[in-house]
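Working notes, beginning with the structure itself.
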C-alpha cells in the first residue's frame, strides 16, 4: 500500500475511532434499564467498532515498521501510549461483541435480567475504554504519522 493510502486509512481509522466511541455510549445509555430493547443501537455500535478495528489492523503492519520506531525515538512515553491504545482497542472489540451477544441473547427471554445487566456493563466498559483509546490515538497521531 502506498504512503498516500496508508495516511488516508490512518485518518479514516482515527475518525472512525471517535465515531465508534460516541456510538458505544448510545447502547450504554439505553441499556441502563434492564428491560429496554436497543437492538439497532447495539448492532450499529458493534459494527462500527469492528470496522474501526479492521481499519487499524490493515494499517498496523506498515505502522509497526515505519511509524512505531519513530514514535519511540521521539518519545518513549508516547510509544507506550500507542502500545496501551492497541490493548484497549482489543478490549473494546471484545466488550462490544460481548455486550451485543448478551443483549441479543436476552431478547429470547425479556425477563433475563442477568444477560441484560451484563450487556449494559459491557457497553459501559467498552465506551469508557474506547474514550481512553481514542484520546491516546489522538496524542500518538499528533506526535508522528505516515
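The values are calculated or read from the model by the stated rules, or taken from the named source; none is laboratory data. Predicted, not measured: the structure shown is a model, and the values here were computed from it. When we count neighbours, we look across all protein chains shown, and the Cβ atoms used for this are built from the backbone with ideal geometry, even at glycine.
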Being in contact with a helix residue (DSSP H, G or I) (Cβ under 9 Å, 6 or more places away or on another chain) and either buried (at least 21 other Cβ atoms within 10 Å of the Cβ) or in contact (Cβ under 8 Å) with a residue 60 or more places away in the chain (or both) is true for just one of 94, 140. Which residue is that? 140
Out of the residues in segment 111-128 that are assigned to a helix (DSSP H, G or I) and surrounded by fewer than 17 Cβ atoms within 10 Å (Cβ to Cβ), state the one that is modelled with the highest pLDDT. 121
For segment 46-63, indicate whether the set of residues that are loosely packed, with under 14 Cβ neighbours inside 10 Å and over 19 Å from residue 11 (Cα atoms) is non-empty. no
